[in-house]
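The values are calculated or read from the model by the stated rules, or taken from the named source; none is laboratory data. In this text the structure is predicted, and so the values were computed from the model without any measurement. No Cβ is skipped: glycine too gets one built from the backbone with ideal geometry, and neighbour counts run over all protein chains shown. Heavy atoms of the whole protein, side chains included, go into the accessibility calculation; ligands, DNA and RNA do not. Shrake-Rupley method; radii C 1.70, N 1.55, O 1.52, S 1.80 Å.
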Amino acid sequence: MNSAIRSASAVTARDLRRFVRRQQDVVQPLVFFVIVITLLGLAIGPESTIFAQIAPAGVWIAVLLATTINLDSMFLSDYQDGTIELLVLSATPLPVLVAAKILAHWLASACPQIVISVFVATILGFESTVIGALVLTLLLGSPILSLIGGVASALTVGLRGGAMLQALIILPLYMPTLIFATAAMHNAALELPIDAELYFLAGLAVLAATLAPFAAAAALRIRLS
Amino acid sequence: MNLPFHKYGSPKYFYSWSLMLSPWLIGFCVLLFAVGLYTGLFVAPADYQQGESFRIIYVHVPAAWMSLFIYVVMASAAASGLIWHVKLGDMIARASAPLGAWFTFLALVTGSLWGKPMWGTYWVWDARLTSELILLFLYLGYIALQGAIDDRRVAARAGAIVALVGTVNLPIIHYSVEWWNTLHQGPTVSKLDAPSIAPSMLMPLLIMAVAYTVYFVVVMFARTRCEILEFERNAAWVKERALEKGVV
C-alpha cells in the first residue's frame, strides 16, 4: 500500500516537473482559453448587456475547448518515449499510476485555468456571486473533465488524427458537466441557491474519480498491446 | 468449460446458422412491416388532436427505441469481447454501431418532421431530442475510433471501452438533459398497466417495434457475416467455403 502511494506521488512529481520544464504545455492552453473568450466577445459585439448574459456560459465553453485541446500533454510524450510501457510493467497497479498522472495534469492545467478565469471574469465585470459560482463549478467540474479526458486520451494516444477523435469522443461526455455548471452560474446570476448543481457536480466528480482511472488504465493496456 | 454457447457462438457456427435463419427472418420481417404499416396507416383511427399527422409515430417511436436498444446490444457485445475475448462479440459490436447511428438519425429526422406541424419548429432544445442527438454523437465517436485503428482486435477492445464509458454516461446524460429542459410529450406506452394510448393505436406501434427489431437482427447478422469473412479470411473453413461456392 505504502509503496503504491510512494510510486504514485513519484509519478505525480515527475509529471509536474515536466510541466515546469516545458512551460509551453501549461501556457499555450491558457492563451487559447483567453483567445476563445475574446472571439466570443468579438462575435457578440460591444453591447454589454447581451455579453453579460452569455459570457458565463462562454467561459465554460472555453474551458471545455481548452481542456480538450490540452489533453494531448497527458500521455503523448510518455507514449512516444516509452515511459508508459515502464508504468504498465511496474509492480504498482496501473490505475493508481494513471490516477497520479491525471492528478498531475489537473494540477498543471486546470488550476492555472481557474486562476485565469477569475481574472477574466473580473475584467468582464461578472457579479461577485457569479465569480464565486464559476470558481466552485470549476473546482468541482474540472476534475471530471480531466478524468473523462484521461480515458479518451489514453484510448487515442498516438493515433492518426488523435486530437480530433479525442474531441469527438469526449465532448458528448462533457455535456452533463456543462449543463450543471452553467445552470449553477445562471442561478447565481439570479441570486438563487446553487447547492443542487454543486452536489450534482460533486457526485459526478466522485463517480468519475472512481471509474475513470480503471478505464484509462485498461485503455492504455489496449493501446500498447 | 464446454457450454453450447462456445460452439454456437464461434464465428464459424454463427456464420452457418445465421445464414440458415436469414430467409425466415427476412420473411417474418417483411410480414411484420406489411401488417404494421397497414394497420398503422389505414386501420388505426386518426388522433383527435393531431389528426393524421400523428401516424408518423409508427416510424418515429420504434426508431427511437431501437437507437437505445442497439446501444445496449453493442455495449454488451463489446463487453463480452473485452472481458471473455468472445470474438463474435467484437464483430457484433462493430456491425451494430452504424445501424444504431442510422436508427438514431432516423428518430431525429422523423421527430423533427413531426415537430414542425405540432410544435411549429423542426428543432427545439427539448430534453429527449437533445439526449437523442448526444446519443448520435456517442455512436459517431465509437465509429470514428473503430475507423482510426487498423488492427481489428485493438479497435474492438478500444471501442468496447468507449461503449462502456458511454453506457455509464447515458443515464447521466439523459437525466441531466431532462432536468435541464423538457417540452416533449410524456411517455405514453411505458405505463404498461394503463397506457395513455388507445389499444387500436398501440397495436400497430408494437408490431412496428418488433418489425424494426427483426430488421435490425437481419441486417446485423448479414453485417456480422461480412465482418467474420474479413476477419477470418485466412481460416481454413472460409477457404473451403469459398472453394465450394466457386468464388476462388
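The mean number of partner chain beta-carbon atoms within 10 angstrom of a residue's beta-carbon across peptide A:162-173 is 5. Based on C-alpha pairs under 8 angstrom that are at least 6 apart in sequence, segment B:1-144 has a relative contact order of 21 percent. Per-residue mean of foreign Cβ neighbours for A:201-211 is 1 (Cβ atoms of other chains, 10 Å radius).
Other residues whose C-beta falls under 11 angstrom from the C-beta of B:Gly159 contribute a net charge of +3, scoring Lys and Arg +1 and Asp and Glu -1.
Considering all different alpha carbon pairs of the protein assembly as shown, the Kirkwood hydrodynamic radius works out to 24.8 Å. Considering only Cα atoms, the convex hull volume of segment A:2-224 works out to 116 Å³ per residue. Annotation: peptides A:194-201, A:132-139, ranked by per-residue average of other Cβ atoms within 10 Å with the highest first, follow the order A:132-139, A:194-201. Given a 1.4 Å probe and the protein chains as shown, B:His85 ends up with an accessible area of around 110 Å². Across the options A:Leu134, A:Leu155, A:Ile69, the greatest Cα extent toward the positive end of the charge dipole of chain A (unit charges at beta carbon of Lys, Arg, Asp, Glu) belongs to A:Leu155.
Size of chain B: Rg and Dmax of its alpha carbons, in Å, are 20.3, 62.
Normalising the average separation of contacting C-alpha pairs (under 8 angstrom, six or more residues apart) by the number of residues puts the relative contact order of chain B at 30 percent. Overall, the accessible surface of segment A:2-224 at a probe of 1.4 angstrom is composed of carbon and sulfur to the extent of 70 percent.
Amide H contacts under 5 Å for B:Ile197: none, restricted to partners 5 or more places along the chain or on a different chain, H placed in the peptide plane at 1.01 Å from N. Entry comment: accessible area of segment A:2-224 is 45 Å² per residue, from protein heavy atoms only and a probe of 1.4 Å. Ranked from largest to smallest solvent-accessible area, with a 1.4 Å probe on the protein heavy atoms, B:Leu106, B:Leu82 come out as B:Leu106, B:Leu82.
Using Cβ point charges alone (K and R +1, D and E -1), the dipole size of segment A:2-224 about the Cα centre works out to roughly 820 debye.
Separation of segment A:65-91 from segment A:152-225 is 18 Å, based on Cα centroids. A Cβ-based charge dipole, computed about the Cα centre of chain B with Lys and Arg at +1 and Asp and Glu at -1, lands at about 660 debye. Remark: accessible area buried at the A-B interface is about 2200 Å², both chains counted, probe radius 1.4 Å.
Here the calculated FRET efficiency for B:Val30 and B:Leu243, from their Cβ-Cβ distance with R0 = 35 Å, stands at 0.60, rounded to the nearest 0.05. Taking a ≥ b ≥ c as the square roots of the eigenvalues of the Cα gyration tensor, an a/c ratio of 1.5 or more together with a/b larger than b/c marks segment B:40-130 as prolate. Compute log10 of I(q)/I(0) for segment A:110-225 with the Debye formula, placing one identical point scatterer on every Cα and leaving out solvent, at q = 0.09, 0.13, 0.19, 0.20 Å⁻¹, to two decimals. Debye output, listed in q order: -0.29, -0.57, -0.98, -1.04. Neighbouring Cβ atoms from other chains, within 10 Å of the Cβ of residues in B:141-150, number 5 on average. A straight Cα-to-Cα reach below 18 Å connects A:Lys101 with the aspartates and glutamates A:Asp15, A:Asp25, A:Asp72, A:Asp78, A:Asp81, A:Glu85, residues fewer than 8 places away in its own chain not being considered.
In chain A, Cα pairs under 8 Å separated by at least six residues give a relative contact order of 26 percent.
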